[in-house]
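No lab work stands behind these numbers, since they all come straight from the coordinates. Keep in mind that what you see is a predicted model, and the values were worked out from it rather than measured. So basically every Cβ, Gly included, is an ideal-geometry build from the backbone, and we count neighbours across all protein chains shown.
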Amino acid sequence: MKKDFSRKEIECLLNEFVESSGKNKNSDDIKRLKKLSMSKNIKFKKARKLFCKKCSAVYCNPKIRIKKGMKTVTCEKCGFVNRWNIK
Ligand SMILES: [Zn+2]
C-alpha cells in the first residue's frame, strides 16, 4: 500500500469498505484505514459500525442487542461491547 493518499482516495477506500461490509478486510487493513483517515481528519461514519472499536476486527457474526435507543454489538473476537445511539 502506498503512503500518500489524498482525501478523495481515502474517502473512496472508506466507501468501498462500507459497500463490501468490511468483507476481505482484516484488522490490519482497518488499523491502516483508521490512521489514514485520522491523518486527514476524515470521519468513519458508517464504516465505524462495521468493526470492533477495541481490536479492529470486522464483525462477521456479532451479537446485536437494541435497548432504549442504544445498539450494542458484542465483538466475537475480543468480547468488547461496542455501543452507539441509534436515534
Ligand atoms: Zn473486538
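General remarks:
- By the count of other C-beta atoms within 10 Å, a proxy for reagent exposure, Ser37, Ser20 are ordered fewest to most as Ser20, Ser37.
- Directionally averaged projected area (convex hull, Cα atoms, the range 7-85), nm²: 5.1 nm²
- For Val58, Val81, order by how many other beta-carbon atoms lie within 10 Å, fewest first: Val81, Val58
- Contour excess over end-to-end distance, with Cα ends at Ser21 and Cys55 and 0.36 nm allotted per residue: 10.5 nm
- Helix 27-39 and the longest principal axis of the Cα set of the chain meet at an angle near 60°.
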